[in-house]
Amino acid sequence: MTKVLMPLLAIALLSGACAKQPTEETVATGENLLLSEFDTPLGAPPFDSIEVAHYLPAFEQGMEEHMAEVLAIAESTEPATFENTVEALERSGDTLSRTVGVFYNLNGSNTNDEMQAIAKEVGPRLAKHQDDINLNEALFARVKAVYEQMDELELSTEQAKLLDETYKGFVRGGANLEGEKKARFREINEELSLLTTQFGENVLKEMNSIALLIEDEADLAGLPQSVIDSAAATAEAQGEAGKWAFTLQRTSWTPFLESSERRDLREKLYTAYLNLGNNDNDNDNKVIAAKIAALRAERAEILGYETHAAFVLEENMAENADNVYGLLDRLWVPALARAKTELADLQAMADKEGGDFEIESWDWWYYSEKVRADKYAFDSEQLKPYFELDNVRQAAFDVANKLFGVTFEPRRDVPVYHPDVLAYEVKDADGSTLALYYVDYFARESKRGGAWMNTFREQWKVDGEDVRPIIVNVCNFSKPSEGQPALLSIDEAKTLFHEFGHAFHGMVANGTYASLSGTNVPRDFVELGSQMMENWALAPEVLPTYALHYETGEPIPAELIEKLQTSGQFNQGFTTSEYVAASLLDMDWHTLAEPAEKDAMEFEAAVAERLGMIPEVVFRYRTPYFSHIFAGGYAAGYYGYVWAEVLDADAFELFKEKGLFNQEVAQSYRENILEPGGSENPMEMYVRFRGSEPSVEPLIERRGLGG
Ligand SMILES: [Zn+2]
C-alpha cells in the first residue's frame, strides 16, 4: 500500500531490472503526441495514439528542451530574482514531465518487454540529466543569491517554501562544499552506494537459500496444504525435488511458525531467521551495517548536521530526533506491558495443551494463532460475500460525496490504456472539474504487484489558470471469471479506501507549484490522507450501507462487524513492541555523533538492554537484516509508519466527536490538511485543523494498549 511519487530524481530506481531487449525495432507510424500538450478532453493522455516507439524520441527531446531552459536560467546576465530563477526552474521541463508521467505509469501498470528495455536505457540517462542540473555551479550561485535575499523579497508562504526547498535540494546534494570536503563527500556517496547494494544482496541471498529442508512427510504435521504445496515447489526449484523447503522469506517462515506442530523445527527455522546475515560467512552484514552508519554520520558532519537523523528529519514532519524518540518511548511502555499480558495468555494456552515448557520467541506465532481462534472465532471467508468491488468503490465515492459534496461521473469518451481501466471526471460541489481519475483494479501479468496512487499530471496554477491533476489508482485484485462478481477480502476493501484516500488528496490539490502540490508532502505525513479514509470504510455507521451480501442483498450482520472491530486489537502488544523496538534501533544507529565503526551486535544488545526487552519479543528486524534502513530509503525513517497512524487516529477523533460527516470538520480537514499539499509546514497545518498537536492517546486506545 504505497504511494509512488515520481520526481525525476527517483526515476532511475524504478527502471526495470531484468528487461529483455526488444526482438525487433518498432517503427512509429503516427505523429508523436507526447511532444506537445495533449489536445484532448480534460487533458487526458491520448493512449490510443501513443506508440511504444514514441517514448525514446520524446525522452530525448524532453531532456534537450529541459536542459536548454535550465542553461538559459543559469547563464542569464540579468540579476537573479525569484521569478527568473527559482520559479523558472520549477516551470521548466514540460515535455519531459509529460513523457515521464505517461511512460512510468504504464511501465508499472501495463508493461511489456519493449517498455522495460526503454526503462533500462533511459534510467541512467535521466539520472545523469538530473546530476547535470544539480551540479551546475552557475545555476546554484543564482539560486543561492535569491535565497540570501529571502527576507527582503516579501514572498508568499508558497513562494518561500519553493525557494527553501530548491535551495536545500542543492545544499543537501553537496553544492555548498568546496575542496577536500567536496571530494570526501563524493567518495562517501560512492562508498555508501556500494555498501548499501551489497547489504541488500547479502540479505536476499540468505533469505532465498533453504533454511529448513524437510524429507520426512511426518515432519509437516499441522501445516495447511497450500503451505505444503509451496514448500514442495520451493524445494523443486532449488534442486531438492520430492522434499519440502522453507526459506527465510516471511511468506515462507510465517505460515510455518503459525501452524507447524513440531516445536523443535519451529525453533530451528526461527533461529536461522534471527541469525540472518550474522553467520560469519560471505553474506555477513555486521561490519557492513556498522560502516554504513559511520559513513552516514561522517557525511552529516561534512554537511553541517549533528547526526544523520538530523539530516533526514529536517525534511520530515517530525523535524528532529527528540520528537521521534518522544513518540516511540511513549508507545514502548504500554506496548511492552501489553505484550507481557499476551505472553501470559500464550503460556496459559500451552499449559492447557499439556506442554511442559516456557514459551520462547519461536512459539509466539503458533500459540497466538490458537488464542486468536479461541477468542475471535470467525473465518475471513465469511466476510467476502459482503464486499463486492463495485459496492466498495461506490462506498468510497459516497463517503467523499457526503463529506465534501464531490461527484464522480464516468467518462467513456476518455481513452484508457487497458480495457479494465475506468475513467471518471471528478467534480467539486459547485460543478467545476477537480480531476480526471482512473481506476485500474485487476491484477494482470503486465502489472507489478501491490497497490498505489500516482499522477499522470500534477495540479498547478499559471497565469490565472488552474491546471487540474490526472490521477490513477492501481490495485491487484483477482479478476472474477465472466459473469461472476468481484469479491474482495476485508484487507482489499481497506486497500481500495486507502488508495482512494491518496487519490483524493491529489484531487483537491490547490497549489501554485507542481513540485509542492497534492501528495508531494513529507514521507511521515503522506499516509495521513490515505489512512484517514480507511476509518470511514470500517466505521459501524458506514459498513452496513455498502457491505451487502452479493446474493441476498442483506447488510453485513452486526455480530460480524463487532468481531471485525475487536479482532483488530488482537496481538497488538507484540506487533507494536517488535515494531517500536526496530524503530528505536534505527534511530540509535542514525544518531551517532561520531563517525566511528561500532561492533554491530554489541550495539544492538545495548539497545535491547536499555529498553528492557523481553527475550520472547525480538526486534522486527535485527541489524544484519534491517534492509529498510541499510539498503532502502528508511534510515531514521522506520518510525514513519506509526507517526502517520498517530496522526490519523488523532485526526479522526474530531470526526468521532463532532459527527462522522460533520460538514464544518470536513471543510476544515480539506482546507487545512489536504489542499495545501507540501506548500506549508505540516505541523502548522495540522494544528490549524485539530487545534493542537496530535496526541498519542487515540492510537494507544485503538490498538488496545491502554491500561
Ligand atoms: Zn499509502
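The values are calculated or read from the model by the stated rules, or taken from the named source; none is laboratory data. Computed from a predicted structure; not experimentally measured. Here the Cβ positions follow ideal geometry from the backbone for every residue, glycine too, while neighbour counts run over all protein chains shown. The protein model used for the area step is the full one, side chains on, heavy atoms only, and it has no ligands, DNA or RNA in it. Shrake-Rupley method; radii C 1.70, N 1.55, O 1.52, S 1.80 Å.
Summary table below
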quantity: Any hit, region 447-461, residues being at pLDDT 95 or above, surrounded by fewer than 19 Cβ atoms within 10 Å (Cβ to Cβ) and either more than 16 Å from the ligand (Cβ to nearest atom) or not in a strand (DSSP E or B) (or both); calculated: yes
quantity: Total residues in region 281-326, condition open to solvent by less than 30 Å² (accessible area, probe 1.4 Å), polar (S, T, N, Q) and in a helix (DSSP H, G or I); calculated: 0
quantity: Test set (1) open to solvent by 40 Å² or more (accessible area, probe 1.4 Å); (2) outside any loop (DSSP other than H, G, I, E, B); (3) over 25 Å from residue 293 (Cα atoms) - residue 552 fails condition number; calculated: (2)
quantity: Pairs with Cβ under 9 Å, 6+ apart, first in region 232-249 and on the phi > 0 side of the Ramachandran plot, second surrounded by fewer than 20 Cβ atoms within 10 Å (Cβ to Cβ) and among the charged types (D, E, K, R); calculated: 242/215; 242/236
quantity: Among residues of region 403-446, those that are of a type in the set (Gly, Ala, Ser) and crowded, with 17+ Cβ neighbours inside 10 Å, counted; calculated: 2
quantity: The one condition in (1) within 27 Å of residue 588 (Cα to Cα); (2) under 28 Å from the mean Cα position of the chain (by Cα) that residue 304 fails to fulfil; calculated: (2)
quantity: Subset of region 498-542 that is crowded, with 24+ Cβ neighbours inside 10 Å and hydroxyl-bearing (Ser, Thr, Tyr) - its residue that is farthest from residue 637 (Cα to Cα); calculated: 513
quantity: Some residue of region 225-241 being buried (at least 16 other Cβ atoms within 10 Å of the Cβ), over 30 Å from residue 631 (Cα atoms) and not aromatic (Phe, Trp, Tyr); calculated: yes
quantity: Single condition residue 154 does not satisfy, out of (1) in a loop (DSSP other than H, G, I, E, B); (2) open to solvent by less than 50 Å² (accessible area, probe 1.4 Å); calculated: (2)
quantity: Residues (surrounded by 19 or more Cβ atoms within 10 Å (Cβ to Cβ), of a type in the set (A, V, I, L, M) and in a helix (DSSP H, G or I)) located in region 633-659; calculated: 642, 644, 646, 647, 649, 651
quantity: Output for region 462-497, where each listed residue is open to solvent by 20 Å² or more (accessible area, probe 1.4 Å), out of contact with any strand residue (DSSP E or B) (no Cβ under 7 Å at 6 or more places or on another chain) and not in a loop (DSSP other than H, G, I, E, B); calculated: 462, 465, 466, 476, 490, 491, 494
quantity: Lone unmet requirement of (1) at pLDDT 90 or above; (2) of a type outside the set (Asp, Glu); (3) more than 30 Å from residue 423 (Cβ to Cβ); (4) surrounded by fewer than 20 Cβ atoms within 10 Å (Cβ to Cβ) for residue 49; calculated: (3)
quantity: Single residue of 29, 23, 40 found to be more than 16 Å from the ligand (Cβ to nearest atom), loosely packed, with under 14 Cβ neighbours inside 10 Å and at pLDDT 55 or above; calculated: 29
quantity: Residue check, residue 566 open to solvent by 10 Å² or more (accessible area, probe 1.4 Å), under 25 Å from residue 704 (Cβ atoms) and among the hydroxyl-bearing types (Ser, Thr, Tyr); calculated: yes
quantity: Identity of the residue in region 157-207, acidic (Asp, Glu) and open to solvent by less than 60 Å² (accessible area, probe 1.4 Å), that ends up nearest to residue 312 (Cα to Cα); calculated: 165
quantity: Number of the condition not met by residue 85 [criteria: (1) out of contact with any Lys or Arg (no Cβ under 6 Å at 6 or more places or on another chain); (2) in a helix (DSSP H, G or I); (3) crowded, with 18+ Cβ neighbours inside 10 Å]; calculated: (1)
quantity: So residue 668, is it within 30 Å of residue 516 (Cβ to Cβ), over 25 Å from the mean Cα position of the chain (by Cα) and either touching a residue at least 60 places away in the same chain (Cβ under 8 Å) or open to solvent by less than 40 Å² (accessible area, probe 1.4 Å) (or both); calculated: yes
quantity: Filter result (within 12 Å of the ligand (Cβ to nearest atom) and in a helix (DSSP H, G or I)) within region 513-523; calculated: 523
quantity: Selection from region 65-85 of residues that are touching a residue at least 40 places away in the same chain (Cβ under 8 Å) and among the hydroxyl-bearing types (Ser, Thr, Tyr); calculated: 76, 81, 85
